[in-house]
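Written below as structure tokens is the structure these notes are about.
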Amino acid sequence: MFYNGANCDIYIGKGAGKKLLNDIRNAKKSIKIVSPFLSPFLIAELIRFRKRNLDIELITTDTIEDFYGDYERNIHQLILQNKETDREAVEKREKWNDISKILTYITLGLLAICIGIAYFFRDIKIALALIPIGIMVLIIKLYKNKIKNQRIYSYWYSQLFPFKVYMSPDTTALSDTFIHGKIYLIDDQIAYLGSLNFTASGTKHNYETRIRTTDPNVIKEIKEELYQLLHHSDIPERDIQYWGKQLYPEPIN
């Protein structure tokens, strides 16, 4: 993308992030961010903004994962687990369970009869009756294993808001492109560009450069660029379905 003659404000120094955060926190409709590095507390703010029904879009690199030790990670709120039930599998499992119960009652009844006969007649031949009882026990065990291994749930994963996590050249040999740009688009009316990452150090402490513009023509170009980057980029990205399977347990029944 190239655009010449833009009307903009320029900020340089340690306070370059203050105005940005104020505009983000005063957003009325949408926040769109491109930043290769992220701070957990700022991601938590985006999560809160989404719960206020703001449209959020995020483009970052595979440094998004953040750990709090024993605390809940933001990534669990960004990637949501959805569970679907296979009704046919449930009916099949219930049928097997009913058969298993019936066979168990029959087996217990046969065992009780054999014990009674053995007690009154003291005949060693009664022990032969244990053979069919043993077969019944094996059949019951077979059904219980089928019940245990029958998958009735399937899982898929969705996003709290649209985001792309592109893989950096350090983690893949498929691309040498690193998403290093920092772009912020607020309510499709205010845009920021510069060196400032969406991090605590970037927004508060670092010596940064930042351009702020409300130029309608520039906003239009930036909006289109973000759309292409979010929906039509060929840079390798982290697969949300695979990532979700790593984050969450998936009991089958």
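The values are calculated or read from the model by the stated rules, or taken from the named source; none is laboratory data. It should be emphasised that the depicted structure is a prediction, and the values quoted were computed from it without experimental measurement. When we count neighbours, we look across all protein chains shown, and the Cβ atoms used for this are built from the backbone with ideal geometry, even at glycine.
Listed values, structure above:
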item: Test: residue in the range 91-99 that is in a strand (DSSP E or B) and either at positive phi or not acidic (Asp, Glu) (or both); result: no
item: Residues that are at pLDDT 95 or above and either part of a loop (DSSP other than H, G, I, E, B) or surrounded by fewer than 16 Cβ atoms within 10 Å (Cβ to Cβ) (or both), drawn from the range 181-200; result: Asp187, Asp188, Gln189
item: Residue that is nearest to the chain's Cα centre (by Cα) [pool: residues in the range 145-187 that are of a type in the set (Gly, Ala, Ser) and over 30 Å from Lys92 (Cα atoms)]; result: Ser168
item: Hey, Thr63 touching a strand residue (DSSP E or B) at 6+ places or on another chain (Cβ under 9 Å) and either at pLDDT 75 or above or part of a loop (DSSP other than H, G, I, E, B) (or both) or not; result: yes
item: Those residues of the range 149-175 which are among the charged types (D, E, K, R) and not in a strand (DSSP E or B), in sequence order; result: Arg151, Asp170
item: Extreme residue, nearest to the chain's Cα centre (by Cα), among residues of the range 27-52 that are touching a residue at least 40 places away in the same chain (Cβ under 8 Å) and exposed (fewer than 12 other Cβ atoms within 10 Å of the Cβ); result: Phe41
item: Unmet requirement for Ile133, which otherwise passes all of (1) of a type in the set (A, V, I, L, M); (2) in the same structural domain as Ser30 (by TED's automatic domain parsing); (3) modelled with pLDDT under 85; result: (2)
item: Hits in the range 220-238 (condition: outside any helix (DSSP H, G or I) and surrounded by 12 or more Cβ atoms within 10 Å (Cβ to Cβ)); result: Ser233, Ile235, Pro236, Glu237, Arg238
item: Condition broken by Phe178, with the remaining ones in (1) in contact (Cβ under 8 Å) with a residue 60 or more places away in the chain; (2) in a strand (DSSP E or B) satisfied; result: (2)
item: Pairs, first on the phi > 0 side of the Ramachandran plot in the range 212-233, second not in a helix (DSSP H, G or I), C-beta under 9 Å, six or more apart; result: none
item: Of the criteria (1) farther than 22 Å from Thr63 by Cα; (2) surrounded by fewer than 18 Cβ atoms within 10 Å (Cβ to Cβ); (3) not β-branched (Val, Ile, Thr), which one Arg210 fails; result: (2)
item: Cross-chain or 6+ apart pairs with Cβ under 6 Å, the range 3-21 first and acidic (Asp, Glu), then surrounded by 11 or more Cβ atoms within 10 Å (Cβ to Cβ); result: Asp9/Arg212
item: Sole residue being outside any helix (DSSP H, G or I) and touching a Phe, Trp or Tyr at 6+ places or on another chain (Cβ under 9 Å), chosen from Asn253, Asn217; result: Asn253
item: Meets criteria (more than 28 Å from Ile183 (Cβ to Cβ) and either within 16 Å of the chain's Cα centre (by Cα) or at pLDDT 95 or above (or both)) for Asn82; result: yes
